[in-house]
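Novice: The structure follows.
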Amino acid sequence: MSDILDSAIQSVQQSKAAWCRFITGNDTGATGSHQAGFYIPKCASSLLFDEPGKKGENKEKTVQIKWQDDFTTESCMKYYGQGTRNEYRITRFGRGFPFFQDDNVGDLLIIAKYTEEDYLGYVLSADEDIDGFFAYFNLAPDETNQLIDVAGVIKPDEKIVQLFRDFVSRFDKFPDTRQMALGARECYNKAYKISENVFKTNPDDVLLNWVDTEFRLFKCMEEKFYTDMITHSFNSIDTFIQTANEVLNRRKSRAGKSLEHHLSDIFVHNALVFEEQAVTEDNKKPDFLFPNGKCYRNIQFPAEELVVLGAKTTCKDRWRQVLTEADRVDVKFLFTLQQGISKNQLKEMHDSRLTLVVPRKYISSFPRDYQDEIKDLLGFVLMVKEKQEHLPKHYFL
(Lines give C-alpha, C1' and ligand atoms only; values in the text may rest on other atoms or scores of the structure.)
Protein backbone atom coordinates (compact mmCIF):
# COMPACT_ATOMS: atom_id res chain seq x y z
CA MET A 1 0.00 0.00 0.00
CA SER A 2 1.48 3.35 -1.04
CA ASP A 3 1.81 6.18 1.47
CA ILE A 4 -0.72 8.36 -0.36
CA LEU A 5 -3.27 5.52 -0.51
CA ASP A 6 -2.79 4.75 3.17
CA SER A 7 -3.27 8.42 4.04
CA ALA A 8 -6.40 8.72 1.86
CA ILE A 9 -7.97 5.66 3.50
CA GLN A 10 -7.26 6.92 7.01
CA SER A 11 -8.62 10.36 6.18
CA VAL A 12 -11.87 8.95 4.80
CA GLN A 13 -12.28 6.71 7.84
CA GLN A 14 -11.88 9.63 10.25
CA SER A 15 -13.95 12.18 8.32
CA LYS A 16 -17.47 13.46 8.91
CA ALA A 17 -18.26 12.82 5.24
CA ALA A 18 -16.26 11.71 2.20
CA TRP A 19 -16.85 11.50 -1.53
CA CYS A 20 -14.96 10.28 -4.57
CA ARG A 21 -15.22 10.17 -8.33
CA PHE A 22 -13.00 9.92 -11.39
CA ILE A 23 -11.64 13.18 -12.81
CA THR A 24 -13.21 13.74 -16.22
CA GLY A 25 -12.40 15.64 -19.35
CA ASN A 26 -14.99 18.24 -18.32
CA ASP A 27 -12.93 18.97 -15.21
CA THR A 28 -9.68 19.47 -17.14
CA GLY A 29 -11.22 21.00 -20.26
CA ALA A 30 -10.30 18.00 -22.44
CA THR A 31 -13.89 17.66 -23.72
CA GLY A 32 -13.97 21.30 -24.79
CA SER A 33 -16.40 22.17 -21.97
CA HIS A 34 -14.28 23.35 -19.04
CA GLN A 35 -16.44 23.71 -15.96
CA ALA A 36 -15.92 25.89 -12.91
CA GLY A 37 -14.33 23.50 -10.41
CA PHE A 38 -15.56 20.05 -9.46
CA TYR A 39 -19.28 19.31 -9.77
CA ILE A 40 -20.80 17.62 -6.70
CA PRO A 41 -24.08 15.69 -7.10
CA LYS A 42 -27.05 16.58 -4.91
CA CYS A 43 -26.79 13.20 -3.12
CA ALA A 44 -23.45 14.39 -1.71
CA SER A 45 -24.54 17.92 -0.73
CA SER A 46 -23.78 17.23 2.96
CA LEU A 47 -20.10 17.16 1.98
CA LEU A 48 -20.40 20.91 1.35
CA PHE A 49 -23.15 22.19 3.64
CA ASP A 50 -25.02 21.04 6.74
CA GLU A 51 -28.32 21.90 5.05
CA PRO A 52 -29.24 21.55 1.36
CA GLY A 53 -29.38 24.66 -0.76
CA LYS A 54 -32.74 26.35 -1.36
CA LYS A 55 -33.97 26.88 -4.90
CA GLY A 56 -33.86 30.56 -5.78
CA GLU A 57 -30.85 31.25 -3.55
CA ASN A 58 -27.09 31.02 -3.99
CA LYS A 59 -24.79 30.30 -1.07
CA GLU A 60 -21.10 29.71 -0.54
CA LYS A 61 -18.41 29.29 2.09
CA THR A 62 -14.62 29.47 2.07
CA VAL A 63 -12.74 26.35 3.18
CA GLN A 64 -9.18 25.06 3.46
CA ILE A 65 -8.39 21.88 1.49
CA LYS A 66 -5.06 20.19 2.15
CA TRP A 67 -4.04 18.16 -0.90
CA GLN A 68 -1.89 15.01 -0.83
CA ASP A 69 -0.80 15.92 2.75
CA ASP A 70 1.37 18.52 1.03
CA PHE A 71 -0.18 21.87 0.05
CA THR A 72 -3.36 23.79 0.86
CA THR A 73 -5.84 25.70 -1.28
CA GLU A 74 -8.33 28.28 -0.06
CA SER A 75 -11.31 27.01 -1.99
CA CYS A 76 -15.01 27.77 -2.18
CA MET A 77 -18.00 25.50 -1.61
CA LYS A 78 -20.88 26.83 -3.70
CA TYR A 79 -24.55 26.16 -4.26
CA TYR A 80 -26.11 27.74 -7.35
CA GLY A 81 -29.88 27.92 -6.93
CA GLN A 82 -30.89 31.02 -8.86
CA GLY A 83 -32.49 30.99 -12.28
CA THR A 84 -32.45 27.57 -13.93
CA ARG A 85 -29.44 26.34 -11.95
CA ASN A 86 -29.62 23.84 -9.11
CA GLU A 87 -26.15 22.47 -8.52
CA TYR A 88 -23.21 22.22 -6.14
CA ARG A 89 -19.56 22.84 -6.94
CA ILE A 90 -16.15 23.11 -5.29
CA THR A 91 -14.28 25.99 -6.93
CA ARG A 92 -11.29 28.32 -6.54
CA PHE A 93 -8.15 26.16 -6.48
CA GLY A 94 -5.67 28.84 -7.43
CA ARG A 95 -3.30 29.29 -10.34
CA GLY A 96 -1.10 26.30 -10.98
CA PHE A 97 -3.40 23.76 -9.32
CA PRO A 98 -1.72 20.51 -10.45
CA PHE A 99 -4.77 18.28 -10.92
CA PHE A 100 -6.46 20.08 -13.82
CA GLN A 101 -3.99 18.62 -16.34
CA ASP A 102 -4.95 16.32 -19.19
CA ASP A 103 -2.92 13.51 -17.62
CA ASN A 104 -5.22 13.63 -14.57
CA VAL A 105 -8.23 12.45 -16.57
CA GLY A 106 -9.15 9.06 -15.12
CA ASP A 107 -7.48 9.72 -11.75
CA LEU A 108 -9.60 9.15 -8.64
CA LEU A 109 -10.49 12.34 -6.76
CA ILE A 110 -11.27 11.99 -3.03
CA ILE A 111 -12.56 14.77 -0.75
CA ALA A 112 -12.88 14.22 3.02
CA LYS A 113 -14.65 16.67 5.34
CA TYR A 114 -13.22 17.15 8.84
CA THR A 115 -14.92 20.35 9.98
CA GLU A 116 -17.10 22.93 8.27
CA GLU A 117 -13.94 24.76 7.13
CA ASP A 118 -11.29 22.03 6.95
CA TYR A 119 -11.04 19.34 4.28
CA LEU A 120 -8.48 16.89 2.94
CA GLY A 121 -8.16 16.13 -0.77
CA TYR A 122 -6.38 13.29 -2.55
CA VAL A 123 -5.85 12.33 -6.17
CA LEU A 124 -4.89 8.70 -6.85
CA SER A 125 -3.30 8.06 -10.24
CA ALA A 126 -1.86 4.53 -10.10
CA ASP A 127 -4.16 1.61 -10.93
CA GLU A 128 -2.92 -0.23 -7.83
CA ASP A 129 -3.86 2.70 -5.60
CA ILE A 130 -7.31 3.10 -7.16
CA ASP A 131 -8.00 -0.62 -6.90
CA GLY A 132 -6.71 -0.61 -3.33
CA PHE A 133 -9.05 2.24 -2.36
CA PHE A 134 -12.04 0.50 -3.95
CA ALA A 135 -11.11 -2.78 -2.27
CA TYR A 136 -10.72 -1.20 1.16
CA PHE A 137 -14.18 0.39 1.10
CA ASN A 138 -15.63 -2.39 -1.05
CA LEU A 139 -16.76 0.06 -3.71
CA ALA A 140 -17.77 -0.87 -7.23
CA PRO A 141 -16.27 1.45 -9.89
CA ASP A 142 -19.84 2.47 -10.70
CA GLU A 143 -20.41 3.55 -7.08
CA THR A 144 -18.31 6.71 -7.39
CA ASN A 145 -19.71 10.26 -7.47
CA GLN A 146 -21.58 9.72 -4.22
CA LEU A 147 -20.82 9.77 -0.50
CA ILE A 148 -18.61 6.91 0.62
CA ASP A 149 -20.43 4.55 2.95
CA VAL A 150 -17.63 3.93 5.44
CA ALA A 151 -19.76 1.53 7.45
CA GLY A 152 -20.44 -0.59 4.37
CA VAL A 153 -24.21 -0.59 4.87
CA ILE A 154 -26.04 -2.52 2.16
CA LYS A 155 -28.44 -0.44 0.10
CA PRO A 156 -32.08 -1.09 0.99
CA ASP A 157 -33.65 -3.01 -1.85
CA GLU A 158 -35.92 -5.75 -0.62
CA LYS A 159 -36.36 -7.28 -4.08
CA ILE A 160 -32.80 -8.48 -4.03
CA VAL A 161 -31.71 -8.53 -0.38
CA GLN A 162 -33.63 -11.74 0.33
CA LEU A 163 -31.93 -13.38 -2.65
CA PHE A 164 -28.59 -12.31 -1.19
CA ARG A 165 -29.48 -13.91 2.14
CA ASP A 166 -30.49 -17.14 0.44
CA PHE A 167 -27.24 -17.27 -1.53
CA VAL A 168 -25.05 -16.52 1.49
CA SER A 169 -26.77 -19.19 3.56
CA ARG A 170 -25.59 -21.93 1.18
CA PHE A 171 -21.92 -21.53 2.10
CA ASP A 172 -19.91 -22.62 5.11
CA LYS A 173 -16.72 -21.11 3.66
CA PHE A 174 -16.02 -18.19 1.37
CA PRO A 175 -16.99 -19.04 -2.25
CA ASP A 176 -14.45 -18.61 -5.02
CA THR A 177 -14.60 -15.69 -7.46
CA ARG A 178 -16.48 -17.61 -10.15
CA GLN A 179 -19.18 -18.69 -7.68
CA MET A 180 -19.53 -15.11 -6.41
CA ALA A 181 -19.91 -13.71 -9.90
CA LEU A 182 -22.45 -16.37 -10.87
CA GLY A 183 -24.42 -15.78 -7.68
CA ALA A 184 -24.55 -12.04 -8.32
CA ARG A 185 -25.84 -12.56 -11.87
CA GLU A 186 -28.48 -15.02 -10.71
CA CYS A 187 -29.67 -12.68 -7.95
CA TYR A 188 -29.85 -9.66 -10.24
CA ASN A 189 -31.46 -11.48 -13.18
CA LYS A 190 -34.11 -13.06 -10.96
CA ALA A 191 -34.87 -9.94 -8.91
CA TYR A 192 -35.35 -7.76 -11.98
CA LYS A 193 -36.67 -10.44 -14.35
CA ILE A 194 -34.00 -9.88 -16.97
CA SER A 195 -34.97 -11.44 -20.28
CA GLU A 196 -32.58 -13.17 -22.67
CA ASN A 197 -33.06 -10.40 -25.20
CA VAL A 198 -31.54 -7.79 -22.86
CA PHE A 199 -28.15 -9.54 -22.98
CA LYS A 200 -28.15 -8.97 -26.74
CA THR A 201 -29.60 -5.45 -26.89
CA ASN A 202 -28.16 -3.77 -23.78
CA PRO A 203 -25.13 -5.69 -22.50
CA ASP A 204 -23.42 -2.48 -21.33
CA ASP A 205 -25.95 -1.69 -18.59
CA VAL A 206 -26.44 -5.34 -17.69
CA LEU A 207 -22.73 -5.79 -17.07
CA LEU A 208 -22.50 -2.68 -14.86
CA ASN A 209 -25.49 -3.86 -12.85
CA TRP A 210 -23.90 -7.29 -12.38
CA VAL A 211 -20.67 -5.69 -11.16
CA ASP A 212 -22.57 -3.46 -8.72
CA THR A 213 -24.70 -6.39 -7.51
CA GLU A 214 -21.63 -8.50 -6.87
CA PHE A 215 -20.08 -5.81 -4.69
CA ARG A 216 -23.26 -5.72 -2.61
CA LEU A 217 -23.44 -9.51 -2.41
CA PHE A 218 -19.78 -9.65 -1.39
CA LYS A 219 -20.52 -7.29 1.52
CA CYS A 220 -23.18 -9.72 2.73
CA MET A 221 -20.73 -12.60 2.48
CA GLU A 222 -18.11 -10.67 4.44
CA GLU A 223 -20.64 -9.91 7.17
CA LYS A 224 -21.35 -13.61 7.55
CA PHE A 225 -17.75 -14.72 7.85
CA TYR A 226 -16.06 -11.76 9.54
CA THR A 227 -18.58 -10.06 11.84
CA ASP A 228 -18.06 -12.44 14.75
CA MET A 229 -14.31 -12.35 14.24
CA ILE A 230 -13.94 -8.58 14.34
CA THR A 231 -16.33 -8.06 17.26
CA HIS A 232 -14.06 -10.13 19.51
CA SER A 233 -10.60 -9.11 20.59
CA PHE A 234 -7.64 -10.42 18.60
CA ASN A 235 -5.00 -12.43 20.42
CA SER A 236 -2.18 -10.36 18.96
CA ILE A 237 -1.30 -7.60 16.53
CA ASP A 238 0.00 -10.25 14.11
CA THR A 239 -3.37 -12.01 14.13
CA PHE A 240 -5.16 -8.73 13.49
CA ILE A 241 -2.84 -7.84 10.58
CA GLN A 242 -3.16 -11.34 9.13
CA THR A 243 -6.96 -11.09 9.18
CA ALA A 244 -6.95 -7.59 7.68
CA ASN A 245 -4.64 -8.72 4.88
CA GLU A 246 -6.84 -11.74 4.23
CA VAL A 247 -9.89 -9.50 3.82
CA LEU A 248 -8.13 -7.01 1.54
CA ASN A 249 -6.48 -9.69 -0.62
CA ARG A 250 -9.80 -11.45 -1.08
CA ARG A 251 -11.43 -8.19 -2.13
CA LYS A 252 -8.68 -7.45 -4.66
CA SER A 253 -8.73 -10.98 -6.06
CA ARG A 254 -12.50 -10.96 -6.47
CA ALA A 255 -12.61 -7.53 -8.10
CA GLY A 256 -9.89 -8.46 -10.58
CA LYS A 257 -11.55 -11.69 -11.74
CA SER A 258 -15.24 -10.80 -11.52
CA LEU A 259 -15.09 -8.51 -14.56
CA GLU A 260 -13.76 -11.39 -16.66
CA HIS A 261 -16.49 -13.73 -15.38
CA HIS A 262 -19.26 -11.25 -16.22
CA LEU A 263 -17.86 -10.52 -19.67
CA SER A 264 -17.64 -14.25 -20.35
CA ASP A 265 -21.34 -14.66 -19.55
CA ILE A 266 -22.26 -11.78 -21.90
CA PHE A 267 -20.31 -13.51 -24.67
CA VAL A 268 -22.02 -16.84 -23.97
CA HIS A 269 -25.48 -15.24 -24.12
CA ASN A 270 -24.54 -13.73 -27.48
CA ALA A 271 -23.38 -17.11 -28.84
CA LEU A 272 -19.81 -15.96 -29.49
CA VAL A 273 -17.05 -18.54 -29.85
CA PHE A 274 -14.17 -17.69 -27.52
CA GLU A 275 -11.59 -19.09 -25.15
CA GLU A 276 -10.37 -17.61 -21.87
CA GLN A 277 -6.66 -17.65 -21.07
CA ALA A 278 -5.75 -19.39 -24.34
CA VAL A 279 -2.01 -19.95 -24.68
CA THR A 280 -0.21 -17.90 -27.35
CA GLU A 281 3.51 -17.17 -27.91
CA ASP A 282 5.90 -17.49 -24.96
CA ASN A 283 3.10 -18.98 -22.85
CA LYS A 284 1.22 -15.65 -22.88
CA LYS A 285 -2.46 -15.88 -21.96
CA PRO A 286 -4.79 -13.10 -23.15
CA ASP A 287 -8.01 -12.79 -21.15
CA PHE A 288 -10.20 -13.54 -24.18
CA LEU A 289 -9.30 -14.91 -27.58
CA PHE A 290 -11.93 -15.15 -30.35
CA PRO A 291 -12.55 -17.79 -31.68
CA ASN A 292 -10.02 -19.84 -29.64
CA GLY A 293 -6.43 -20.98 -29.22
CA LYS A 294 -6.80 -23.75 -31.78
CA CYS A 295 -7.66 -21.23 -34.49
CA TYR A 296 -4.86 -18.95 -33.32
CA ARG A 297 -2.29 -21.73 -33.64
CA ASN A 298 -3.65 -22.76 -37.07
CA ILE A 299 -1.48 -20.77 -39.48
CA GLN A 300 -4.18 -21.18 -42.18
CA PHE A 301 -6.72 -19.37 -40.07
CA PRO A 302 -6.83 -15.74 -41.29
CA ALA A 303 -5.14 -13.48 -38.74
CA GLU A 304 -7.54 -10.61 -39.48
CA GLU A 305 -10.41 -12.74 -38.14
CA LEU A 306 -8.75 -13.22 -34.76
CA VAL A 307 -9.78 -10.89 -31.94
CA VAL A 308 -7.96 -10.39 -28.63
CA LEU A 309 -9.62 -8.68 -25.67
CA GLY A 310 -8.02 -7.82 -22.36
CA ALA A 311 -10.16 -7.03 -19.30
CA LYS A 312 -8.95 -4.66 -16.59
CA THR A 313 -11.07 -2.70 -14.12
CA THR A 314 -8.59 0.19 -14.37
CA CYS A 315 -5.98 0.58 -17.06
CA LYS A 316 -3.93 3.78 -16.71
CA ASP A 317 -0.83 1.71 -15.93
CA ARG A 318 -1.75 -1.72 -17.25
CA TRP A 319 -2.96 -1.26 -20.81
CA ARG A 320 0.45 -2.02 -22.34
CA GLN A 321 0.28 -5.58 -20.99
CA VAL A 322 -2.33 -6.41 -23.63
CA LEU A 323 -0.02 -5.42 -26.50
CA THR A 324 2.35 -8.38 -26.05
CA GLU A 325 -0.17 -11.18 -25.56
CA ALA A 326 -0.82 -12.27 -29.17
CA ASP A 327 1.73 -11.56 -31.92
CA ARG A 328 -0.57 -12.64 -34.78
CA VAL A 329 -3.13 -9.95 -33.97
CA ASP A 330 -2.30 -6.39 -35.01
CA VAL A 331 -5.24 -4.54 -33.45
CA LYS A 332 -6.07 -5.48 -29.87
CA PHE A 333 -8.98 -4.53 -27.64
CA LEU A 334 -9.16 -3.70 -23.95
CA PHE A 335 -12.35 -3.61 -21.89
CA THR A 336 -12.14 -1.38 -18.83
CA LEU A 337 -14.34 0.27 -16.21
CA GLN A 338 -11.95 3.23 -16.13
CA GLN A 339 -13.85 6.50 -16.49
CA GLY A 340 -11.71 8.81 -18.57
CA ILE A 341 -8.09 8.67 -19.68
CA SER A 342 -5.81 11.53 -20.76
CA LYS A 343 -5.31 12.52 -24.38
CA ASN A 344 -1.64 11.58 -24.15
CA GLN A 345 -2.41 8.02 -23.12
CA LEU A 346 -5.21 7.69 -25.65
CA LYS A 347 -2.80 8.80 -28.37
CA GLU A 348 -0.31 6.17 -27.17
CA MET A 349 -3.06 3.56 -27.33
CA HIS A 350 -4.04 4.70 -30.81
CA ASP A 351 -0.44 4.59 -32.00
CA SER A 352 -0.06 1.11 -30.45
CA ARG A 353 -3.22 -0.07 -32.25
CA LEU A 354 -5.15 -0.70 -29.06
CA THR A 355 -8.89 0.03 -29.02
CA LEU A 356 -10.68 0.68 -25.76
CA VAL A 357 -14.04 -0.92 -25.01
CA VAL A 358 -16.02 0.68 -22.17
CA PRO A 359 -19.66 0.71 -20.97
CA ARG A 360 -21.67 2.99 -23.20
CA LYS A 361 -22.41 5.60 -20.54
CA TYR A 362 -18.69 6.00 -19.76
CA ILE A 363 -17.71 7.10 -23.27
CA SER A 364 -18.68 10.72 -22.59
CA SER A 365 -16.06 10.86 -19.79
CA PHE A 366 -13.26 10.57 -22.39
CA PRO A 367 -11.79 13.46 -24.41
CA ARG A 368 -14.10 14.33 -27.28
CA ASP A 369 -11.37 13.91 -29.90
CA TYR A 370 -11.14 10.20 -29.09
CA GLN A 371 -14.73 9.25 -28.29
CA ASP A 372 -15.41 7.98 -31.82
CA GLU A 373 -12.49 5.54 -31.52
CA ILE A 374 -13.87 3.90 -28.37
CA LYS A 375 -16.28 0.99 -28.64
CA ASP A 376 -19.05 0.17 -26.23
CA LEU A 377 -19.66 -3.46 -25.26
CA LEU A 378 -22.58 -3.90 -27.64
CA GLY A 379 -20.48 -2.59 -30.54
CA PHE A 380 -17.67 -5.01 -29.67
CA VAL A 381 -20.06 -7.98 -29.47
CA LEU A 382 -21.62 -7.12 -32.83
CA MET A 383 -18.18 -6.75 -34.44
CA VAL A 384 -17.07 -10.21 -33.24
CA LYS A 385 -20.41 -11.76 -34.19
CA GLU A 386 -20.10 -10.39 -37.73
CA LYS A 387 -16.60 -11.84 -38.07
CA GLN A 388 -17.69 -15.26 -36.84
CA GLU A 389 -20.87 -15.52 -38.88
CA HIS A 390 -19.02 -15.67 -42.20
CA LEU A 391 -16.21 -18.01 -41.14
CA PRO A 392 -16.31 -21.66 -42.26
CA LYS A 393 -17.71 -23.74 -39.40
CA HIS A 394 -14.96 -26.33 -39.58
CA TYR A 395 -12.65 -23.88 -37.86
CA PHE A 396 -14.77 -24.10 -34.71
CA LEU A 397 -14.84 -27.89 -34.48
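Novice: Once you've got the GNM for the chain with C-alpha springs shorter than 10 Å, pick whichever of MET383, MET77, MET180 has the biggest mean-square fluctuation.
Specialist: MET383
Novice: Here's another thing I want to ask about it. Could you work out the relative contact order of the chain? I mean the mean sequence separation of Cα pairs under 8 Å and 6+ apart, divided by the number of residues, in percent.
Specialist: Relative CO of the chain lands at 16 percent.
Novice: As a test question: what accessible area, to the nearest 10 Å², does LYS190 have when a 1.4 Å probe is rolled over all protein chains in place?
Specialist: Counting only protein heavy atoms, LYS190 exposes about 140 Å² to solvent.
Novice: Tell me the label-point distance for the pair ARG170, GLN321, using the 7 Å Cα-to-Cβ offset, in nm and rounded to one decimal.
Specialist: Going from the ARG170 label point to the GLN321 one covers 2.9 nm.
Novice: Could you state the number of Å between the C-alpha centres of segment 76-126 and segment 250-279?
Specialist: 36 Å
Novice: What order do TYR188, TYR136 take when sorted by accessible area (1.4 Å probe), most exposed first?
Specialist: TYR136, TYR188
Novice: Ok, one more. What do you reckon, how do SER45, SER125 stack up by accessible area (1.4 Å probe), largest on top?
Specialist: My answer, sorted largest first, is SER125, SER45.
Novice: For segment 131-280, what is the Kirkwood estimate of the hydrodynamic radius, computed as the reciprocal of the mean inverse distance between distinct Cα atoms, to one decimal in Å?
Specialist: In segment 131-280 this quantity evaluates to 16.7 Å.
Novice: Given contacts defined as C-alpha pairs under 8 Å and at least six residues apart, what's the relative contact order of segment 283-397, whole-number percent?
Specialist: That works out to 22 percent.
Novice: Continuing with this model, one more query. Can you pick out the pairs among LYS316/LYS393; LYS42/LYS361; LYS200/LYS257; LYS200/LYS312 whose Cα atoms lie more than 28 Å from each other?
Specialist: Listed pairs above 28 Å: LYS316/LYS393.
Novice: Relative to the compact globular guide of 2.2 N^0.38 Å, what is the alpha carbon radius of gyration of segment 100-216, as a ratio?
Specialist: In units of the globular-protein estimate, segment 100-216 measures up at 1.29.
Novice: Still on this model: Under a straight-distance cross-link criterion of Cα-Cα below 19 Å, which aspartates and glutamates are reachable from LYS294, leaving out those fewer than 8 residues away in the same chain?
Specialist: Here the aspartates and glutamates satisfying the reach criterion relative to LYS294 are GLU275, GLU276, GLU281, ASP282, GLU304, GLU305, GLU325, ASP327, ASP330, GLU389.
Novice: With angles folded into 0 to 90 degrees, how steeply does helix 203-231 sit against the dominant principal axis of the chain? Use alpha carbons for both and round to 10.
Specialist: Here the helix axis deviates by roughly 60 degrees.
Novice: Now, a different point. Straight-line reach from LYS219: which aspartates and glutamates have a Cα under 19 Å away, not including same-chain ones fewer than 8 places off?
Specialist: ASP131, ASP142, GLU143, ASP149, ASP157, GLU158, ASP166, ASP172, ASP176, GLU186, ASP228, GLU246
Novice: Please give the helix 127-137 orientation as an angle from the longest Cα principal axis of the chain, in degrees from 0 to 90, rounded to the nearest 10.
Specialist: The two axes meet at around 70 degrees.
Novice: Convert each backbone phi in segment 356-366 into a coupling constant with the Karplus relation 6.51 cos²θ - 1.76 cosθ + 1.60 (shift: θ = phi - 60°), then list the ³J(HN,Hα) values in order as whole Hz, x for Gly and Pro.
Specialist: Residue by residue, segment 356-366 yields 7, 10, 9, x, 3, 6, 7, 4, 5, 7, 9 Hz.
Novice: Sticking with this one: Classify segment 82-156 as rounded, prolate or oblate from the Cα gyration tensor: take a ≥ b ≥ c as the square roots of its eigenvalues, call it rounded if a/c is under 1.5, otherwise prolate when a/b beats b/c and oblate if not.
Specialist: oblate
Novice: Taking Cα atoms, how many degrees apart are the long axis of helix 177-191 and the longest axis of the chain, rounded to 10 and kept between 0 and 90?
Specialist: Taking Cα atoms only, the helix is inclined about 80 degrees.
Novice: Work through the residues other than LYS113 whose Cβ is under 11 Å from its Cβ and net out their charges, Lys, Arg +1 and Asp, Glu -1.
Specialist: Combined, the nearby Lys, Arg, Asp and Glu give -3.
Novice: If you don't mind, another one. For the chain, which whole-number percentage of the solvent-accessible area (1.4 Å probe, protein heavy atoms only) is attributable to carbon and sulfur atoms?
Specialist: Carbon and sulfur together cover 48 percent of it.
The values are calculated or read from the model by the stated rules, or taken from the named source; none is laboratory data. Just so we're clear, the structure is a prediction, and the values are computed from it rather than from any experiment. In this analysis, Cβ positions are derived from the backbone assuming ideal geometry, glycine residues included, and neighbour counts consider all displayed protein chains. Protein only, heavy atoms only, side chains kept; ligands, DNA and RNA dropped before computing areas. Shrake-Rupley method; radii C 1.70, N 1.55, O 1.52, S 1.80 Å.
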